[in-house]
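Undergrad: Quick one: this structure, given as structure tokens, is what I'll be asking you about.
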Amino acid sequence: MKKPLALVVGVVAGTSVVACSSGAAAPADAPDRISPKVLAVTLFGAEAQPWLDDRPLTTEIAVPGLSAEFPTVACDGDDLCMVTTAMGYANAASSVAALVASDRFDLTNTYFVVSGIAGVDPEHGTLGSAHWAEYVVDAGLRHEIDQRQSPEDWASNVFALGTSQPGDSPGWGAGTEVYELNPDLVDAAFAATRDVDLTDNETAAAYRAHYPQQAASSAPFVSVCDTQSADTYWHGSLMAQDVGNWVGLLTEGRATYCTTQMEDNAVLTALTRGADAGLIDLDRVAVLRAGSNFDREYPGQSAVESIEAESGGLPIATRNAYLVSSTFADEIISAWDQWRDGVPTAE
């Protein structure tokens, strides 16, 4: 994975739990360090549950610093592990940092697959569709003035750090605003999963029919489409327009906004710190988000009605995020001789 763009710019029954003490010598009878081939990163319980239901993740390893709600990493016998961070930037960054720094894991050759749900832009996705991101953009590091106090001629009340009006490129930044993932890994993930048989339901099918956009009204599908992160669960067509413009501004038009979620820049920042310490390889990080809801209202609906709607998207999004991510995980594990040294090059 490339460095950030410069910004001037539930415990499972029958599992075994292995405790560890970070920073201290492991007990004599403790197992050796685990070297997962793939580590799935989920963000809350509903995203983790399909992994726990469908795979024999029967070994759980307690890691100090993980969320009290999700204190262990669950692993199977095929070198697949799964961690759940808990929602939001603070939880995501803290949990991933604790995992990367843990003395129980060797993650230097591990492929990380972030597997979660998101709001989706009806121009580019639908309820249950799954999207591999090439760009991950932070929509929270910015200036904002209440719209009641912003100048009347401003098209937006948000503007970049180090500027004085909307539309100007950032004057300074935190260095975590934009991540570009390894395009070869993104291409490989899409190629391995584009034909996955995704789930759907009648409620979602009926709800998406309200949207005139072709992508929104279609059955779930897999694509490559970029994501933005923010702790704020925003909603509505006007805010979506701002976010789309923001993603374009920060990436100089290279990214196409598709999904909105609450953790990915935080996850990637923690992983970047691990890479800087020689603990992981950023070129082995993939991000998938599946649409659990549309990020805006349909014609004739209010934004409040939209955010409160029971669209049927959540159960199919959590299931499809798992189906797509696990298919890619299985591809890596089953062909490990080809993946051990990095993403295989196309012949």
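The values are calculated or read from the model by the stated rules, or taken from the named source; none is laboratory data. Predicted model, so just to flag it, every value in this text is computed and none were measured. We place every Cβ from the backbone using ideal geometry, glycine too, and count neighbours over all the protein chains shown. The protein model used for the area step is the full one, side chains on, heavy atoms only, and it has no ligands, DNA or RNA in it. Shrake-Rupley method; radii C 1.70, N 1.55, O 1.52, S 1.80 Å.
Undergrad: Using the Cα centre of the chain as the reference point, and only Cβ charges (+1 on K/R, -1 on D/E), how large is the resulting charge dipole? Debye, rounded to the nearest 20. Working shown, then result.
TA: Details: 17 positive and 48 negative charges, 75 e Å.
Using only the charged Cβ atoms, the result is roughly 360 debye.
Undergrad: So, one more: Under a crude label model (7 Å from the Cα following the beta-carbon direction), how far is residue 76 from residue 35 in nanometres?
TA: Each label point is offset 7 Å from its Cα along the Cβ direction, giving 2.1 nm.
Undergrad: While we're here: Using label points projected 7 Å from each Cα along Cα→Cβ, tell me how many nm separate residue 161 and residue 233, to one decimal.
TA: Using points 7 Å along Cα→Cβ, the separation is 2.6 nm.
Undergrad: If a/c stays under 1.5 just call it rounded; otherwise compare a/b with b/c (prolate if a/b is bigger, oblate if not). Do that for the range 145-304, with a ≥ b ≥ c from the square roots of the Cα gyration tensor eigenvalues.
TA: Oblate, because a/c is 1.5 or more while a/b does not exceed b/c.
Undergrad: Roughly how much of residue 262 is accessible, in Å² to the nearest 10, using a 1.4 Å probe?
TA: Residue 262 exposes around 50 Å² with every protein chain in place.
Undergrad: For residue 146 and residue 302, what is the calculated FRET efficiency with R₀ set at 22 Å and r taken between the beta-carbons, to the nearest 0.05?
TA: 0.60
Undergrad: Leaving out ligands, DNA and RNA, what percent of the accessible area of the chain is carbon and sulfur, probe 1.4 Å?
TA: 49
Undergrad: Within the range 175-261, which trypsin sites (Lys or Arg not before Pro) sit in a loop by DSSP and count at most 11 neighbouring Cβ atoms inside 10 Å?
TA: none
Undergrad: Moving on. Using 7 Å Cα-to-Cβ label points, what is the residue 330/residue 53 separation (nm, one decimal)?
TA: 1.6
Undergrad: Would you mind working out the accessible area per residue for the chain, using a 1.4 Å probe, and quoting it in Å²?
TA: About 43 Å² of surface per residue is accessible.
Undergrad: How about the range 31-129: which GluC sites (Glu not before Pro) there are in a DSSP loop, with at most 14 other Cβ atoms within 10 Å of their Cβ? Show your work: numbers first, answer last.
TA: On the way: sites: 47, 60, 69, 123; in loops: 69, 123.
Qualifying residues, ordered by number: 69.
Undergrad: Determine the relative contact order of the range 71-173: mean sequence separation of Cα pairs under 8 Å and six or more apart, normalised by residue count, in whole percent.
TA: Contact order relative to length: 10 percent.
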